[in-house]
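Notes to accompany the following structure.
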Amino acid sequence: MKLTLNKISEGEEEIIIRYREMTGRIETVIGILQGTGQRISAEFEGGRAFLAPEEILYLESVDGAVFAYLKDRVCKVAQSLERLSGVYADRGFFRCSKSMVINIYKISYLKSESGNRIRATMENQEEVMISRRYAKRLRQILKGGESREPV
Amino acid sequence: MNRFRERFEQYLRREISIDFKTCAYLFCIAFFYCCYRISQGSFLANILHLFEMTADAYVVGYLQVYLLGNFDEANRLGRLEAFGIALCSLFHGAASFILGWFEGKWQVSVFLAVFMMSCYITVFFCNKIKRRADTENLNRMLAEFKKGETYGEESGQKLCD
């Protein structure tokens, strides 16, 4: 993406975004500019960072701690799965089991399994099995027949 | 309480699945039995035999779900699935011979076992085709869902307002 910065001496400051297609990246930039970009505080080995929900592939709860899996790294998140799946439901966060929340936008492939279960392959090739109970809700969300708000 | 409810629901789902299987395979056995009776020039079926067939289908249904990994719904036809199909088919054949459904004719019992084997394989492939169609549908819905988030020109303007 080409970035052009022009320093002006007078007049109103203005930001123009020229895009062919609205992507998650541009959406994040707009969110930051409008002051609405939600960020998730996370701990890395080297320190702390604020993650955009679009960066997260899935979240997993292990021994009471919640970990966010990004494309190339894992970090610890302070918020609970319940809260994250609730707050970011409209950004594609979906509770797929008791201990996991996946980002629907980061699913690369879905496979129907026996017993009405679904196997989701994430963008990092990690496979997540969605049980019949949660699979039913995922189908409803994909069909657009259900609100993305958690039950 | 929730855990109990979940386990109970899981148990119920399994039982219903066994009932469905029993109905499907009982129909296959009864069809074979009726064909045999007609080939013998008789249009009458022994009610006791029908009860025995129901019991046999139930027993095999439980065996299939609880011990043999529900082979007709498996993802691939491996060794374990082939073993399950062979064992259940042999069970039907043996039951028909022991209980005298075909007047003790072992050849017909062997034929029943082969017929049941073909039924299991057919159901396996039907389930596989069904899942493949469902997979395609799921991925189409996923693509449409993702596309839904690609804003058009109007939405873009709205965002920038």
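Numbers at a glance
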{"quantity": "Condition check for residue B:136: within 12 Å of chain A (Cβ to nearest Cβ), modelled with pLDDT of 95 or more and either surrounded by fewer than 19 Cβ atoms within 10 Å (Cβ to Cβ) or in contact with a strand residue (DSSP E or B) (Cβ under 6 Å, 6 or more places away or on another chain) (or both)", "calculated": "yes"}
{"quantity": "Enumeration of residues in segment A:106-133 that are surrounded by fewer than 19 Cβ atoms within 10 Å (Cβ to Cβ) and among the hydroxyl-bearing types (Ser, Thr, Tyr)", "calculated": "A:108, A:109, A:114, A:121, A:131"}
{"quantity": "Flag if residue A:55 is touching a strand residue (DSSP E or B) at 6+ places or on another chain (Cβ under 9 Å) and touching a residue at least 12 places away in the same chain (Cβ under 8 Å)", "calculated": "yes"}
{"quantity": "Candidate set from segment B:87-138 (those that are in contact with a His (Cβ under 7 Å, 6 or more places away or on another chain) and part of a helix (DSSP H, G or I)); member that is farthest from residue B:68 (Cα to Cα)", "calculated": "B:112"}
{"quantity": "Selection count where residues are small (Gly, Ala, Ser) and crowded, with 22+ Cβ neighbours inside 10 Å, scope segment B:110-121", "calculated": "0"}
{"quantity": "Residue in segment A:1-25 that is surrounded by the most Cβ atoms within 10 Å (Cβ to Cβ), counting only those that are over 26 Å from residue A:106 (Cβ atoms) and acidic (Asp, Glu)", "calculated": "A:14"}
{"quantity": "Test: residue in segment B:10-24 that is over 21 Å from residue B:121 (Cβ atoms), in a helix (DSSP H, G or I) and hydroxyl-bearing (Ser, Thr, Tyr)", "calculated": "yes"}
{"quantity": "Test: residue in segment A:72-92 that is at the interface with chain B (Cβ under 10 Å from one of its Cβ atoms), part of a loop (DSSP other than H, G, I, E, B) and closer than 30 Å to residue B:140 by Cβ", "calculated": "yes"}
{"quantity": "Sole exception among (1) of a type outside the set (Gly, Ala, Ser); (2) farther than 26 Å from residue A:131 by Cα; (3) at pLDDT below 95 for residue B:81, by number", "calculated": "(2)"}
{"quantity": "Of all residues making up segment A:93-138, the number that are assigned to a helix (DSSP H, G or I), of a type in the set (Ser, Thr, Tyr), at the interface with chain B (Cβ under 8 Å from one of its Cβ atoms) and farther than 22 Å from residue B:72 by Cα", "calculated": "1"}
{"quantity": "Per-region count, segment B:24-45, residues of a type outside the set (A, V, I, L, M) and without any contact (Cβ under 8 Å) to a residue 12 or more places away in the chain", "calculated": "10"}
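The values are calculated or read from the model by the stated rules, or taken from the named source; none is laboratory data. Computed from a predicted model, the values in this text were never measured in an experiment. Methodologically, a virtual Cβ is constructed for each residue, glycine included, from the backbone with ideal geometry; neighbour enumeration extends over all protein chains shown.
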